[in-house]
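Asks: Sending over a structure as structure tokens; questions will come in a sec.
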Amino acid sequence: MLRFSGAGVSDSGRVRDHNEDSAFIAPYVAMVADGVGGAAAGEVASATATYVVSAYALARFGTDPVDLVLQAVSETTRDLVRGVDTDPVRAGMATTLTVMVTDGDRVVLGHVGDSRAYRWSAGRLTQVSHDHTYVQRLVDDGALPAEAVPRHPWRNVVLRSLHADVSMGVDEVEIVELAPVAGDRYLLCSDGLTDLVADDEIADALHIADPHSCAARLVALALTAGGTDNVTCLVFDVIDGPRVCGDGMLLGAVRDIDNVVDAGSVRSG
Ligand code: CA
């Protein structure tokens, strides 16, 4: 039975005074969410998404992983809408979500926004998520060379996110079935890493065997490069073994339960 084994680190960085990233890692689910929005709402969006999706995944282990991701996203949207209804100053809050779920057999990636998922296998780094950004669309259309992305002035314009709009549909979420291979390593990260640290440096750091030391090294690279944004990295290996129990680890804004719109919204069963 497949599961994830790893750890993560989240840091406010050297410029921002608080952390709007949230993350969660457990044996069968891992995710990063990067919130945006004024008036202390970015952290509410990322924390609520992380809380709802993680609680949903923990309560419904064994559900078809694609259904699980889509249902959890739809629950998240409902809570974001409720969060704005309760406190209209949060209007406009939004978050990325990059989540990997396994039922012990399949591994599914659900993704919206510009956080990233990478696979590191046999020393080779492959980005398995697709950035929902303006510049990536230009690259896809052949209007911009990929090498020009890191310096493009509009590189942070995100075209898709989870937000508090009733029109938000789960079809915004990109679903990718990943070929699960025991021994493969995955990195989930916010753009606070990838805006500042090149892929070859990321690949080098992924050689560090201990996942926590590896995540800490990646975050340190972003801080050394300026730390201009919140930075969050989860590093985990796919392991084949007996089923385990584990609650997982919360990181970033979701560690403060006051950032979650309604901590009672997800019920088991
Ligand atoms: Ca960010």
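Asks: Just to confirm a number: summing +1 for Lys and Arg and -1 for Asp and Glu over residues other than residue 258 whose beta-carbon lies under 15 angstrom from that of residue 258, what do you get?
Replies: Summing Lys/Arg as +1 and Asp/Glu as -1 gives -4.
Asks: Which net charge results when you count Lys and Arg as +1 and Asp and Glu as -1 among the other residues whose beta-carbon is under 15 Å from that of residue 207?
Replies: Its environment carries a net charge of -3.
Asks: Each residue of the stretch 9-25 in turn: what ³J(HN,Hα) in whole Hz from Karplus with 6.51, -1.76, 1.60 and θ = phi - 60°, glycine and Pro shown as x?
Replies: My calculation for the stretch 9-25 gives 9, 10, 9, 5, x, 9, 10, 6, 8, 8, 9, 9, 8, 9, 7, 8, 9 Hz in order.
Asks: Right, something else. Residues with beta-carbon under 10 Å from that of residue 238, excluding residue 238: net charge, scoring Lys, Arg +1 and Asp, Glu -1?
Replies: Net of charged neighbours comes to 0.
Asks: With bins 10 Å wide starting at 0, give me the P(r) of the stretch 212-269 over every alpha carbon pair, in whole percents.
Replies: 16, 33, 32, 18, 1
Asks: At 7 Å along the Cα-to-beta-carbon direction for both residue 122 and residue 157, put a label point, then send me their distance in nm to one decimal.
Replies: 4.0 nm
Asks: Given the alpha-carbon gyration tensor of the stretch 1-60, what are the semi-axes of its equivalent ellipsoid in whole angstrom, ordered largest first, with each equal to the square root of 5 times an eigenvalue?
Replies: Three semi-axes, in Å: 25, 15, 6.
Asks: Over its Cα atoms, what ratio of radius of gyration to 2.2 N^0.38 Å does the stretch 92-161 give?
Replies: Against the compact-globule rule of thumb, the ratio is 1.27.
Asks: Using modelled amide H (1.01 Å from N, peptide plane; none on Pro or chain starts), what sits under 5 Å from the amide H of residue 104, excluding residues fewer than 5 places away?
Replies: 2
Asks: Treating only the Cβ atoms of Lys and Arg (+1) and Asp and Glu (-1) as charged, compute the dipole magnitude of the stretch 15-70 about its Cα centre; round to the nearest 20 debye.
Replies: It works out to roughly 140 debye.
Asks: Arranged by the count of other C-beta atoms within 10 angstrom, fewest first, what order do 238, 99 take?
Replies: In increasing order of surrounding Cβ atoms, one gets 238, 99.
Asks: Please find, in a Gaussian network model of the chain (springs between Cα atoms separated by less than 10 Å), the residue of 18, 163, 152 whose mean-square fluctuation is greatest.
Replies: Maximum fluctuation in the GNM of the chain, among the listed residues, is at 152.
Asks: Hey, what's the per residue convex hull volume over the C-alpha atoms of the stretch 52-150, in cubic angstrom?
Replies: Cα-based convex hull of the stretch 52-150, divided per residue, equals 142 Å³.
Asks: Now for a different question. How long is the chain along each principal axis, judged by its Cα atoms, biggest number first, in Å?
Replies: Its Cα atoms span 48, 46, 35 Å along the three principal axes.
Asks: If you don't mind, another one. Only Lys, Arg, Asp and Glu count, each charged at its Cβ (+1, +1, -1, -1), so figure out the dipole size of the stretch 1-142 about its Cα centre, rounded to 20 debye.
Replies: Charge dipole of the stretch 1-142: 320 debye, to the nearest 20.
Asks: Put a dot 7 Å past each Cα toward the Cβ at residue 224 and residue 257; how far apart are the dots in nm?
Replies: For the pair residue 257/residue 224, the computed spacing is 3.9 nm.
Asks: Please work out how much length the chain gains when fully extended from residue 130 to residue 210, using 0.36 nm per residue of separation minus the C-alpha to C-alpha distance, in nm with one decimal.
Replies: 26.1 nm
Asks: Can you put 118, 134, 28 in order of Cβ neighbours within 10 angstrom, beginning with the fewest?
Replies: The most exposed by this proxy come first: 134, 118, 28.
Asks: Okay, moving on. Quick one: if you stick a label point 7 Å off each Cα along the C-beta vector at residue 140 and residue 203, how many nm between them?
Replies: 2.4 nm
Each reported figure results from applying straightforward, stated rules to the coordinates on display, with no laboratory input. Since the model is a prediction, treat every value here as computed from it, not as a measurement. When we count neighbours, we look across all protein chains shown, and the Cβ atoms used for this are built from the backbone with ideal geometry, even at glycine.
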